[in-house]
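Since the structure comes first, as structure tokens, the remarks are kept for the end.
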Amino acid sequence: MMAERIALRSVNRWVRTFRRYVAIGDSSTEGLEDRVGEGGYRGWADRLAEIIANAQAEPLDYANLAVRSLHLSEIRTTQFAAAMAMQPDLFSIFGGANDMLSVTCDFAGIRADLAAIFGEARSRDCTVVTFTMPDPSSINPFGRRLRGRMFHFNDIIREEAERYGVLVMDFQHYPIIQDPRLFSEDRLHGNELGHKRVAAAMAWRLGIEGAEESWADPFPEAPPRLRTREQLAGDVDWARRYFAPWLGRGIRRIPQRSGLTAKRPVLTRVPKR
């Protein structure tokens, strides 16, 4: 683990100015559950745009085309062309989590979609950044069953990223990102603190001026340990409130994304703070 972190520290990181940042993806990039205002979400991508804008003298324009519940193939077909039309010099892509949660998972299709997205974006001389998924074992009651899938998915991300020169924030090797205190009650999405940590990590990986690796520091105290009965009661409540409704929608083929559109569909200047 320490060797992995040392290796990441030694990666050639540079300070670069960005003019247009476009983010695509699913609910993570959309910002669930980092709530702001009435029914709105902020999220790590919005926060990353703010970090970049505040760190450089040049203005930054930003768009976020992400929509929750999409599979990676849907992200590619519904968001990617529009993103490239904006001619970004910084482009972030994260998708595949919904593929991991499906009954079956087409890893060959996932690889093909990532290769197509990475290859096209990089051919436009665009800086592309993505990230791997953390170990879900300590986050979700089904985490241990999903662990193998997610690690396979992470391997695909690393391999295709290396092939096309894409920057990867490898969260699998950072224990802090699997701390349950960074996740919302649904145990799938980050909370406000989780999105802040991810944004800081992405800024550090991009080499943004002033970004440090302090985002990876553990909490000063260990997470509270629940008794077996309390843990079981919490898992049952989670299954009733979150897993059962999600599963029911899937069985009845009711799309969770019905009527939803991107929250930031056009490039907009990011105000400095």
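None of the figures in this text is laboratory data; all of them are computed from the coordinates on show. Being a predicted model, the structure only gives us computed values, none of them experimental. Cβ: placed from backbone, ideal geometry, glycine included. Neighbour counts: every protein chain shown.
Which of the three applies to the range 24-96, rounded, prolate or oblate, going by the alpha-carbon gyration tensor with a ≥ b ≥ c and a/c under 1.5 meaning rounded?
It comes out oblate by the Cα gyration axes.
In what sequence, highest mean first, do 50-61, 261-272 appear when ranked by Cβ atoms within 10 angstrom?
50-61, 261-272
Mind listing the long-range amide H neighbours of F183? Cut-off is under 5 Å, sequence gap 5 or more, other chains count too, H placed in the peptide plane at 1.01 Å from N.
Under 5 Å from the amide H of F183 lie the amide H atoms of N191, each far enough along the sequence or on another chain.
For E209 and A116, compute 0.36 nm times the residue count separating them, minus their Cα-Cα distance, and round to one decimal in nm.
Difference between extended and current length: 30.4 nm.
Would you pull out the residues with amide H under 5 Å of L70's amide H, same chain only if 5 or more places away, H placed 1.01 Å from N?
HN-HN under 5 Å from L70: S27.
Cut-off 16 Å, label point 7 angstrom out along Cα-to-Cβ of E58: give me the residues of the range 91-131 whose amide nitrogen falls inside.
91, 125-128
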